[in-house]
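Here is the structure we will look at, set down as structure tokens.
The values are calculated or read from the model by the stated rules, or taken from the named source; none is laboratory data. This structure is a prediction, so every number in the text was calculated from the model and none was measured. Cβ placement follows ideal geometry from the backbone for every residue including glycine, while neighbour counts extend to all protein chains displayed. When the accessible area is computed, the model is the full protein with side chains, heavy atoms only, and any ligands, DNA or RNA have been set aside. Shrake-Rupley method; radii C 1.70, N 1.55, O 1.52, S 1.80 Å.
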Amino acid sequence: VQTCALPIYEYPALRRHRTTRFEILSDLDGEVVAEHAQLLERTAHAVGDFSAALGLQAGGALQAGSDRRLVIAFADRTHFIDFAATHDQVAARWLGGYFSPAGGHLVYHTVADHPGVRRLARHAESEAEAGTPPFEGAERLQDDLDRFVVRADAAVVVHEATHMLLHHAGLVVATSDQPMWLTEGIAGSFEPVEPTRKFGPLRPENNRTKEFRRMLRDDEVPPLVELVGRRDFPKTGRSQHDHYAASAALCSWLARHRPLQLQAYLLHRSDPMRGPLDRAAVDRVALGAPIEGGDDAWRLLEFERFFGDVATFEKTWLRSERAAASIPI
């Protein structure tokens, strides 16, 4: 079992659950933990399918019988925020979950304890208790909330587990120099449309596809030169959500339509000397020598060496996405 030096005894309600690949500490309802445990194992299989399809050699993190990976799941959002700040130095007030590369563990809380969801749940409950017709309205609201929580929890669990598995397998290592379009895009491309359906970037739809196609129809997809040229997404607001959705769509499209180029890019990102970039240029970056245009220019150069001219690629990608969504070109 993965070594854990975290003082989780501070949260006595946490109980141990074990699967083939994961050690889960949680105070969630047993049925919910069982559902999330299945999602975690399915994520390991989906990541394995992805690495096999791209011909990537994954480390032992995906193999049954290797050390189990630690997952901490809270029913209480305040406990989650406190744990993140105290033990991982993560400001998690706006997060549903996170993967800690330093600790090697995954932490999240159920969306059922989000303030907005709690308010709606209290409203549905008060409507039902008041007995005000139509009774079906309160029941329908509660059913919709329950479905939302199941889907939102699944997205968080799969997204963060993908980060963890890819990092430990050495395929997409979570380091500070990794571009967010890659790390968040691949994790987002694994998010399931529905928890019961198969998921992964090899399928044409994920949890963020609907939002991406809305952006396509409204001509609001972030420019590719901005998406892949910058290391970080915008910090807040609508633009950040757009970058997450566009990156998930991009990584899924690359996995399905440019697997060899994506394979080479991932190998390069895990070890720059294994990729086809000019060794002298890589050495200059490693030594800190400036490249004309700065880091953004280097990231664009890196993208174009693997995927071709960024403007040409963008036209090809978006034309293909519009055709798949039956959006007029």
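A few remarks follow.
- Portion, in percent, of the accessible area of the stretch 189-261 that falls on carbon or sulfur, probe 1.4 Å: 47 percent
- What the Cβ-Cβ distance of residue 78 and residue 211 gives, at R0 = 30 Å and to the nearest 0.05, is a FRET efficiency of 0.55.
- As a rough guide to protection, the peptides 39-48, 175-184, 220-229, 311-320 ranked by mean Cβ packing within 10 Å, highest first, stand as 39-48, 220-229, 175-184, 311-320.
- Proximal lysines relative to residue 198, as straight alpha-carbon distance under 18 Å, when same-chain residues fewer than 8 apart are discounted: 210
- In the context of the full set of protein chains, residues of the stretch 166-266 present 42 Å² of accessible surface per residue (probe radius 1.4 Å, heavy atoms only).
- Span from the the stretch 12-41 Cα centroid across to the the stretch 221-240 one, whole angstrom: 35 Å
- Fully extended contour minus Cα-Cα distance, from residue 327 to residue 219, at 0.36 nm per residue: 37.8 nm
- Hits among aspartates and glutamates - C-alpha to C-alpha of residue 315 under 15 Å, sequence gap 8 or more where chains match: 219, 220, 226, 304
- The modelled label-to-label distance for the pair residue 143/residue 257, using points 7 Å beyond Cα in the direction of Cβ, is 3.9 nm.
- Peptide ranges 153-163, 96-106 listed from the most packed, as the mean C-beta count within 10 angstrom indicates: 153-163, 96-106
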